[in-house]
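*Asks:* If you scroll down you'll find the structure; I have some questions about it.
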Amino acid sequence: MSRVTTVLPWTSVNVAPRIVTAAGTNTPNPLHRAEDNLHINCEYKGKFVDKRVVLVVEDSPTDEALLLRALEKSGITNPIVTVKDGLEAIQYLFGTGRYEFRNTEEFPAVVLIDLNLPKLDGLEVLRRMRSDYRTKLVPVAIFTSSIEEQDLINGYSLGANSYVRKPIEFSKFTKVVAQLVNYWIQLNEPPPPGEKIWAHHFDRSA
C-alpha cells in the first residue's frame, strides 16, 4: 500500500522538521495531524514560515530517501509530501481517491517529479496538470536520471518549468536539490489561484 510522508515545518521548541506517514506512524509525535499543517504560511515566534507543500513524485525508495535527506540537510522546513506513482500524484493534486478530503485550494509550491513512474508516467502527469486550469501554472520540476534528449523536449513541450538530471554523487545531489527547491520556495513569485486565471481568461475584452 502506498503511503504519504509529510515533513512538518515546526515543533514546540524549534523549527526542525518532523516526519509523519499516512499510516499514522510518526517520529516523534507531532503537535497536529499532517492535514492540519498544510496551510500556505504563518508567523511563528516573529518569523515568517512558508508552509506551502513540496510534492515529491518518486517511485524509487532509494531516491526518495536521498531526496528527503537532502531536503533536511538543506534546512528546508516546508511540508514534504511524497507519493509513489503518477496516479497518486493526480489524486493528491485534485483531491480524489484517498485524498478526497484534502483542501484543494492549496497547491504545492513546486512538484518535483520523476519521469519513469508506475500507473501514469511523469509526462502524463504533467500533461494532465497543464490541461486543467487549477494546476495549469503550478510549478513542475522534472527531476530524473534520464539522459534522453526526447524526454527533455517532451518535458518542456508539455509545460515543465525545469528539467534537472539527478547527480550520482550524494554531495552534488544534495546541492542540486537545495538549489532547485529553494528557488521555487524563496525566490519565485507563485502563480495566482486557478480561479483567478480562469476568470481572467474569460474577462478579457473581445
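*Asks:* What tally of residues in segment 149-161 results from selecting those that are assigned to a helix (DSSP H, G or I) and touching a helix residue (DSSP H, G or I) at 6+ places or on another chain (Cβ under 6 Å)? Walk me through how you get there before you give the answer.
*Replies:* Taking segment 149-161 and keeping what is assigned to a helix (DSSP H, G or I), we get 149-157.
Adding the requirement that they be touching a helix residue (DSSP H, G or I) at 6+ places or on another chain (Cβ under 6 Å) leaves 154.
Within segment 149-161, residues that are assigned to a helix (DSSP H, G or I) and touching a helix residue (DSSP H, G or I) at 6+ places or on another chain (Cβ under 6 Å) number 1.
*Asks:* Separate question: Any idea which residue in segment 162-179 is surrounded by the most Cβ atoms within 10 Å (Cβ to Cβ), counting only those that are without any contact (Cβ under 8 Å) to a residue 60 or more places away in the chain and not in a helix (DSSP H, G or I)?
*Replies:* TYR163
*Asks:* Please determine whether any residue of segment 146-160 is within 14 Å of GLU58 (Cα to Cα), at pLDDT 95 or above and either surrounded by fewer than 15 Cβ atoms within 10 Å (Cβ to Cβ) or of a type in the set (A, V, I, L, M, F, W, C) (or both).
*Replies:* So far as segment 146-160 goes, no, none of its residues is within 14 Å of GLU58 (Cα to Cα), at pLDDT 95 or above and either surrounded by fewer than 15 Cβ atoms within 10 Å (Cβ to Cβ) or of a type in the set (A, V, I, L, M, F, W, C) (or both).
*Asks:* Could you say which residue among GLU64, GLU106, GLU72, GLU88 is in a loop (DSSP other than H, G, I, E, B), under 15 Å from the mean Cα position of the chain (by Cα), of a type in the set (Asp, Glu) and modelled with pLDDT of 85 or more?
*Replies:* Being in a loop (DSSP other than H, G, I, E, B), under 15 Å from the mean Cα position of the chain (by Cα), of a type in the set (Asp, Glu) and modelled with pLDDT of 85 or more holds for just one of GLU64, GLU106, GLU72, GLU88, which is GLU106.
*Asks:* What number of residues within segment 121-148 are of a type in the set (Ser, Thr, Tyr) and under 15 Å from the mean Cα position of the chain (by Cα)? Don't jump to the end; show me each part of the working.
*Replies:* Going through segment 121-148, the residues of a type in the set (Ser, Thr, Tyr) turn out to be 131, 133, 135, 144-146.
Checking which are under 15 Å from the mean Cα position of the chain (by Cα) leaves us with 135, 144.
Final tally of qualifying residues: 2.
*Asks:* Output yes when any residue across segment 119-132 is surrounded by fewer than 17 Cβ atoms within 10 Å (Cβ to Cβ), of a type in the set (Gly, Ala, Ser) and either in a loop (DSSP other than H, G, I, E, B) or in contact (Cβ under 8 Å) with a residue 12 or more places away in the chain (or both), and no when none is.
*Replies:* Within segment 119-132 (the criterion being surrounded by fewer than 17 Cβ atoms within 10 Å (Cβ to Cβ), of a type in the set (Gly, Ala, Ser) and either in a loop (DSSP other than H, G, I, E, B) or in contact (Cβ under 8 Å) with a residue 12 or more places away in the chain (or both)), the answer is yes, since at least one residue qualifies.
*Asks:* Please determine whether any residue of segment 186-205 is at pLDDT 95 or above, within 27 Å of GLU64 (Cβ to Cβ), part of a helix (DSSP H, G or I) and not polar (S, T, N, Q).
*Replies:* Looking for residues that are at pLDDT 95 or above, within 27 Å of GLU64 (Cβ to Cβ), part of a helix (DSSP H, G or I) and not polar (S, T, N, Q), one finds none in segment 186-205, hence no.
*Asks:* Taking the residues in segment 91-102 that are assigned to a helix (DSSP H, G or I) and among the hydrophobic types (A, V, I, L, M, F, W, C) as candidates, determine which candidate is surrounded by the fewest Cβ atoms within 10 Å (Cβ to Cβ).
*Replies:* PHE94
The values are calculated or read from the model by the stated rules, or taken from the named source; none is laboratory data. Because the structure is a prediction, the values reported are computed rather than measured. Note: ideal-geometry Cβ built from the backbone for every residue, glycine included; neighbour counts use all protein chains shown.
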